[in-house]
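Asks: The following block contains the structure, expressed as C-alpha cells.
The values are calculated or read from the model by the stated rules, or taken from the named source; none is laboratory data. Here the structure is a predicted model, which means the values were calculated and not measured. Cβ coordinates were reconstructed from backbone atoms using ideal geometry, including for glycine residues, and neighbour counts include every protein chain displayed.
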Amino acid sequence: MSATARPRGMILAAGFGTRLGTLSDERPKPMLPVCDIPLIRYAVAQLRGHGIDEIAVNLHHRGDLIRAELGDGFHYSEESEILGTGGGLAKIADWLTRGGRDPFVVVNGKIISNIDIGSVVARHQASGAVATMVLREVPDAEKWGAIHVGDDGRVTRIVGQGLVAPGQPATHACMFTGVHVLSPRLIARLPATGESDSIRQAYIPALLDGERIEGVRYDGYWHEHSTPERYLSGNWNLLSGAVTLAHPPGPIRAVAPSATVEAGATLGPEVVVGARSVVRKGARLDRVVVWPDCTVDGTLSDAIVTPKGIVTAVPAGPARR
C-alpha cells in the first residue's frame, strides 16, 4: 500500500442474530438501536474517524433495512445465500484490496469499541504480517475460541492449532474482538465462491505455514450485543457516561428529541426512549430500552420494547472494557 493510500473497510452485517430471539425478526443485529442510534452507525463512525471513508457492507438478513438506514455512499455486497466470515470477504476481495494491491480493515457490525484502528493499520504495515488481529486478554478465552499471542506480538495458536506444542503454555490467552486488518495474500487462501470461514480456512492454514500473524492486545472499551442481556448492557454503558467513545455517531441521549414522556411517567436512570415513541402518564420504567415508534404504559423493568412487543432480559454481567 502506498504511503498516502488509506485502506478500505468492511462492516460484517449479514448475520441472522439468532441469539437475539424475536428481536432479530424485526431488525438485523447491526440495526439494533443503542441509545437510539443503530449499531452499524457506530461502526461507520469509528472507521470514518480513522480516515477510512470507502466502506463496504455485506447484506443478507433484513439487508433492506440496513441499506435504507445508510443510503448511498457505501459499497453494498448482497448475499443471496449467507457466505460466512470468509465468503463475504472473498466475494468482494478485488474491491477491498484494490485489485490485490492493498490490505483492508474489517469490523464486525455487532460491536462498539474504542479500538484505535489507525494504530492497528500502522502496526500491520510495520510488521509485514499477513494479517493483524485486535485481541483481548480475558480469563475465559477458551469460551470465545482462544487465540494465543506472545510478548513479541506474534500469534502462536488459534483455537488449539498453531506453533506452540500441546501442553506448553502460551504467554497471553486472548479472545478475538472482530476487528482485523487483512492482506491480499491472506484473503487469497479463501475459496473464491461459496460459504467459508476466515479463521479456519485462512488464518489457521496461514499460521501452520509459518506466516506471521500479528496480535494487538487491547484493554479499552469493547462490547458486543448478541443477546438481549448484552444489548441492554451496551445501552447502559454509554448512557451512564462511564464510557466515552472517541468517535461517537451522534449525541448519546436517554430520550430522543422527538419522543414524548407524559407528565406523571417515571423513568429510572437506565432508560432509553427512542424517536417518536410515547411513554404514557403513570408508566414506571427501570432498565428499559424503548425502540422508535412505540407506546409504553404500565410498569416494566429489564425489558426491550419494540413496535411488535416486549422482550424481557436477565441483567448481564459487567461489560468488557
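Asks: Taking GLY88 as the residue in question, decide whether it is touching a His at 6+ places or on another chain (Cβ under 9 Å) and closer than 21 Å to ARG185 by Cα. Give the steps one after another, and end with the answer.
Replies: Values: touching a His at 6+ places or on another chain (Cβ under 9 Å): yes; closer than 21 Å to ARG185 by Cα: yes.
Taking the combined requirement at face value, the residue satisfies it.
Asks: So, one more: Taking interchain pairs and intrachain pairs at least six residues apart, which have beta carbon atoms under 7 angstrom, with the first residue in segment 192-213 and outside the structural domain of GLY178 (by TED's automatic domain parsing) and the second at pLDDT 95 or above?
Replies: Between residues of segment 192-213 that are outside the structural domain of GLY178 (by TED's automatic domain parsing) and residues that are at pLDDT 95 or above, there is no close pair.
Asks: Do you know which residues across segment 270-310 are of a type in the set (S, T, N, Q), crowded, with 19+ Cβ neighbours inside 10 Å and touching an Asp or Glu at 6+ places or on another chain (Cβ under 6 Å)?
Replies: Residue satisfying the conditions is THR306 alone.
Asks: Mind telling me which of the residues VAL57, VAL44 ends up being part of a helix (DSSP H, G or I), touching a strand residue (DSSP E or B) at 6+ places or on another chain (Cβ under 8 Å) and touching a residue at least 40 places away in the same chain (Cβ under 8 Å)? Reasoning before the result, please.
Replies: Numbers: VAL57 fails: part of a helix (DSSP H, G or I).
Just a single option satisfies the conditions, and that option is VAL44.
Asks: Can you tell me which residue among ASP102, ASP53, ASP72, ASP94 is under 25 Å from PRO292 (Cα atoms) and surrounded by fewer than 18 Cβ atoms within 10 Å (Cβ to Cβ)? Working first, answer last.
Replies: Numbers: ASP102 fails: under 25 Å from PRO292 (Cα atoms); ASP53 fails: under 25 Å from PRO292 (Cα atoms); ASP94 fails: under 25 Å from PRO292 (Cα atoms).
It is ASP72.
Asks: Among the strands (runs of 3 or more DSSP E) lying completely within segment 80-197, list those that include at least 3 residues that are within 23 Å of LEU12 (Cα to Cα) and modelled with pLDDT of 95 or more.
Replies: Numbers: elements: 104-108, 111-113, 131-137, 147-149, 155-158, 172-182.
Qualifying strands (runs of 3 or more DSSP E): 104-108, 111-113, 131-137, 172-182.
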